[in-house]
Structure formats: structure tokens, C-alpha cells
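Asker: Encoded as C-alpha cells, here's the structure I'll be asking about.
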Amino acid sequence: MTIKISPGLSNKLLDTGSLKATMALGFLKIYSGAAPADADAAVTGTLLCTISLASSGTGINFDAAAVAGVLAKAPAETWSGVNAATGRAGYFRHVAVGDTGASSTTQARIQGAVGVTGSDLNLTSVSLVSAATQTIDFYTVAMPLA
């Protein structure tokens, strides 16, 4: 799967701000099943885990600056969440504050595949167990360079 961004995120990047500012204090949500066709479609599957700042429910942030076209998670932050359900992780959505998961062409979203290796978001295991803590140690968003 290739990373997909919503029209809402694309428009915000072109009109009003940076990816870092647009997604500040957002959340990374991990779902079971196949991903929707695009990032503006309503979510499908079961919400397995919501990643926040140290499982606190406070949103997550990117690093202070991009390097060579890559923006990474803030290294000082622990990105984790307590699994809400048991299931096999299929895809994720990185969403801005206030996103309900409903169909929208204005919400800022990044969507990608979850796997163990070679995916957009790699986890130690895609088999998530309810009440276990899921941690994301490495997460980046890249823009192509000329």
C-alpha cells in the first residue's frame, strides 16, 4: 500500500500551513481489516488502538524540523496506546484533532498499511491484544526530492 493523504490535508498544505502544524496534537489510529479506498472515505474495520502521547489521550507531535524531505515523530515523545480490542492490524490513519472517522473531503488525514516489515507502519506484531500497550518507536512522513 502507498501512503494516501486526504484532499483536506492536501488543501491545508497548499493553502494554510505545514504538515507539522496541521497534524499537531493529532492521533495515530490502528484499525483491523482492509483500508478504505482513499483517505477521505469513512473508516472501516475495528479500531484496535489509538496512539497518543504516552497513552495519555494527549495528541502527538512531529520533530522540530524536517531533514532531507523527511519529518519524523518527535524523538522526546513516547507514542503509545492501550489496545481497545483484539485483532489483526490492517491499516492506520494519522488524523488531526477532531476527526470522527466519517467520510470527509476536509479532514486532514494520512492513511497507510500496517505490517511487520516493508509496510507504511511497521509493528513488532500485527496481532494486537486488548488491554496491551502498543508503542510506536519510529514514524516518518516523506516528501519526494528532486
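Asker: Counting only protein heavy atoms and using a 1.4 Å probe, what share of the accessible area of the stretch 1-55 belongs to carbon plus sulfur, as a whole percent? Please report the intermediate quantities before stating the final value.
Answerer: On the way: 1540 of 2590 Å².
Result for the stretch 1-55: 59 percent of the exposed heavy-atom area is carbon or sulfur.
Asker: Scan around Cys49 for amide H atoms under 5 Å from its own, H built in the peptide plane at 1.01 Å from N, and keep only partners 5 or more places away or cross-chain.
Answerer: Sorted by chain and number, the residues that satisfy this are Ile30, Ala84.
Asker: Could you state the principal axis extents of the C-alpha atoms in the stretch 1-126, from the largest down, to the nearest angstrom?
Answerer: Principal-axis extents of the stretch 1-126 (Cα, largest first): 38, 33, 28 Å.
Asker: May I pose another question? Full-extension gain between Met143 and Ser18, please, as 0.36 nm times their residue separation minus the C-alpha to C-alpha distance.
Answerer: Details: separation 125, 0.36 × 125 = 45.00 nm, distance 1.22 nm.
Gain on stretching Met143 to Ser18: 43.8 nm.
Asker: So, for the chain, what is the accessible surface per residue at a probe of 1.4 Å, expressed in square angstrom? Could you put the intermediate results ahead of the total?
Answerer: On the way: 7120 Å² over 146 residues.
Roughly 49 Å² per residue, with all protein chains present.
Asker: Please list, in order along the stretch 30-38, the HN-Hα scalar couplings obtained from phi with the Karplus expression 6.51 cos²θ - 1.76 cosθ + 1.60 (θ = phi - 60°), rounded to whole Hz, x for Gly and Pro.
Answerer: 10, 10, 7, x, 6, 6, x, 4, 8
Asker: Modelling each spin label as a point 7 Å along the Cα-to-Cβ direction, I'd like the Ala102/Thr44 distance in nm, to one decimal.
Answerer: Going by the 7 Å Cα→Cβ label model, 2.1 nm.
Asker: Projected onto the charge dipole of the stretch 14-137 (+1 at Lys/Arg Cβ, -1 at Asp/Glu Cβ, origin at the Cα centre), which of Leu19, Ile60, Val126 gives the Cα projection farthest towards the positive end?
Answerer: Ranked along the dipole, the leading option is Val126.
Asker: Still on this structure, I have one more. Please compute the modelled spin-label separation between Ala74 and Ser56, points set 7 Å along Cα→Cβ, answer in nm with one decimal.
Answerer: For the pair Ser56/Ala74, the computed spacing is 0.9 nm.
Asker: Further question on the same structure: In sequence order, what are the phi-derived ³J(HN,Hα) couplings for the stretch 78-87 according to the Karplus relation 6.51 cos²θ - 1.76 cosθ + 1.60 with θ = phi - 60°, rounded to whole Hz, with x for glycine and proline?
Answerer: Here the 3J(HN,Hα) series is 9, 9, 7, x, 8, 4, 8, 8, 9, x Hz.
Asker: Evaluate E = 1/(1 + (r/R0)^6) for Thr86 and Thr135, where r is the Cβ-Cβ distance and R0 equals 25 Å; express this FRET efficiency to the nearest 0.05. It would help to have the intermediate numbers written out before the result.
Answerer: Details: r = 17 Å, r/R0 = 0.69.
That gives a FRET efficiency of 0.90.
Asker: Something else: Rounded to whole Hz and in sequence order, give me ³J(HN,Hα) for the stretch 45-62 from the Karplus expression 6.51 cos²θ - 1.76 cosθ + 1.60, θ = phi - 60°, writing x for Gly and Pro.
Answerer: x, 9, 6, 8, 7, 10, 8, 9, 6, 6, 6, 8, x, 8, x, 9, 9, 8
Asker: Students often get this wrong: which residues of the stretch 120-146 have the backbone nitrogen under 14 Å from the point 7 angstrom along Cα-to-C-beta of Asp63?
Answerer: Counting only backbone N, you get 137-143.
Asker: Find how many whole Å separate the alpha carbon centroid of the stretch 92-146 from the alpha carbon centroid of the stretch 6-40.
Answerer: Cα centroid to Cα centroid, the span is 10 Å.
The values are calculated or read from the model by the stated rules, or taken from the named source; none is laboratory data. The shown structure was predicted, so the numbers you read here are calculated from the model rather than taken from an experiment. No Cβ is skipped: glycine too gets one built from the backbone with ideal geometry, and neighbour counts run over all protein chains shown. Surface accessibility is based on the protein's heavy atoms, side chains included, excluding ligands, DNA and RNA. Shrake-Rupley method; radii C 1.70, N 1.55, O 1.52, S 1.80 Å.
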